[in-house]
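Please read the structure below before turning to the comments.
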Amino acid sequence: MKIARILAVRNDRFGEFLLTLPALYALKEHYPGAELTLVVNGSVAELAARIPCVDEVIVWENKKHGFLEIGRFAAQTAGKKYDLCVIFNPSKELNIVSFLAGIPARCGYNRKWGFLLNRTTEDKKHLGSMHETEYNLELLKTIGISTGSQPLNFLLDIRDDDFSDKRLVHRGLSSKNFIIIHPWASNTQKEWPLDKFKAVALQIMNTLHIPCVLIGGPEEVKRADQFCNDMPLINLTGKTSLIELAGLLKKGRVLLTNDSGPMHLAAAVGIPIVAIFRKQPPAISARRWGPVGTSNSIIENDVLAEISVEEVFHGVKTILSR
């Protein structure tokens, strides 16, 4: 069957979306003449539009929709005459949409009404035996795409002016002369204690004489203001879009972070990462969700509070010395 139009779906969280990039590039490489449309959450739509292999972005929020909404989306989808649909995050609604839209090849996992698909594989992600990027690539084997051992492609079209040098200079910074700190996570149980983050930041600034920039989303602004109290940190929490954040990360030397979405964005733009993880069951472990790349350091412990300031500071110094 000739594949001229492809619909790919990854409309869950920010980090998960980024870890689908290698599979999207594999799809485009296998079907170089095909038009690739990507369905995402609205929060990442601007970033999705910066993926060079993606031709169109459609927003379908990851929430419960009514039957009429699902029907309308299915009708819109049918009108675009897709030949192939790949659903990377199991979704009953989107399995229904792909079926009602009459897409000939429907690829995904055999759960959440997976019987509506005709190219399925068992969802073994709970075993955590592979990285999330590998699970996404593994799914493509159901349609005959095998990537072998070729390097993962995380290319995002992030430009120098997405966070301009002028904005850096305004804050006394220049490209590659600062360290970025992200001490938050989507779940506070994944956060290393803030007082320890502050202690590492002070060591970086006082011992290594490298400026530190604090980042985070709008929901962290109040905590960030408290974090920066009596500290000479540059606080950009809540002051950047995802595109601006990507531009800022690209110009940093190291990102120090918990397990988080910005960690995966940093990996995508190529900044080295020191990532702090609590040891977890396989499905949510660093083995599955750690940052992609060979220049990163993952520091793990069963109890986050038992990870010492010295251990994390050493991780930062080790990356800086490479």
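The values are calculated or read from the model by the stated rules, or taken from the named source; none is laboratory data. Note that the coordinates shown come from a computational prediction; the quantities given were computed from them, not determined experimentally. Note: ideal-geometry Cβ built from the backbone for every residue, glycine included; neighbour counts use all protein chains shown.
For the subset of the stretch 293-304 comprising residues that are within 17 Å of the chain's Cα centre (by Cα) and at pLDDT 95 or above, which member is farthest from residue 187 (Cα to Cα)?
Restricting to residues being within 17 Å of the chain's Cα centre (by Cα) and at pLDDT 95 or above, the top hit is 296.
Regarding residue 268, is this residue in contact with a helix residue (DSSP H, G or I) (Cβ under 9 Å, 6 or more places away or on another chain), in a helix (DSSP H, G or I), hydrophobic (A, V, I, L, M, F, W, C) and closer than 18 Å to residue 16 by Cβ?
yes
Return the pairs, sorted by first residue and then second, in which the second residue is among the polar types (S, T, N, Q) and part of a helix (DSSP H, G or I), the first residue lies in the stretch 205-232 and is in contact (Cβ under 8 Å) with a residue 60 or more places away in the chain and buried (at least 17 other Cβ atoms within 10 Å of the Cβ), the beta carbons are less than 7 Å apart, and the residues are 6+ apart or on different chains.
Sorted first by the residue in the stretch 205-232, then by its partner, the list stays empty.
Quick check on the stretch 157-180. Is at least one of its residues of a type outside the set (A, V, I, L, M) and in contact with a Phe, Trp or Tyr (Cβ under 8 Å, 6 or more places away or on another chain)?
no
Condition (residue is touching a residue at least 40 places away in the same chain (Cβ under 8 Å) and crowded, with 18+ Cβ neighbours inside 10 Å) applied to the stretch 116-124: is it met by at least one residue?
No; the residues of the stretch 116-124 include none that is touching a residue at least 40 places away in the same chain (Cβ under 8 Å) and crowded, with 18+ Cβ neighbours inside 10 Å.
Looking only at residues that are modelled with pLDDT of 95 or more and within 19 Å of residue 58 (Cα to Cα) in the stretch 1-15, which one is surrounded by the fewest Cβ atoms within 10 Å (Cβ to Cβ)?
The selected residue is 4.
Is there any pair linking a residue in the stretch 256-278 that is on the phi > 0 side of the Ramachandran plot to one that is modelled with pLDDT of 95 or more and not hydrophobic (A, V, I, L, M, F, W, C), with Cβ under 9 Å and at least six apart or on different chains, and which?
Here the result reads 270/250, each pair linking the stretch 256-278 to a residue that is modelled with pLDDT of 95 or more and not hydrophobic (A, V, I, L, M, F, W, C).
Can you report the number of residues in the stretch 16-36 which are buried (at least 19 other Cβ atoms within 10 Å of the Cβ) and not in a loop (DSSP other than H, G, I, E, B)?
Of the residues in that region, 12 qualify.
Condition test on residue 243, is it of a type in the set (Val, Ile, Thr), under 20 Å from residue 270 (Cβ atoms) and in a helix (DSSP H, G or I)?
yes
Looking for whichever is surrounded by fewer than 17 Cβ atoms within 10 Å (Cβ to Cβ), out of contact with any Phe, Trp or Tyr (no Cβ under 8 Å at 6 or more places or on another chain), polar (S, T, N, Q) and in a loop (DSSP other than H, G, I, E, B) here; the options are 237, 294. Which one fits?
After applying the criteria, what remains is 294.
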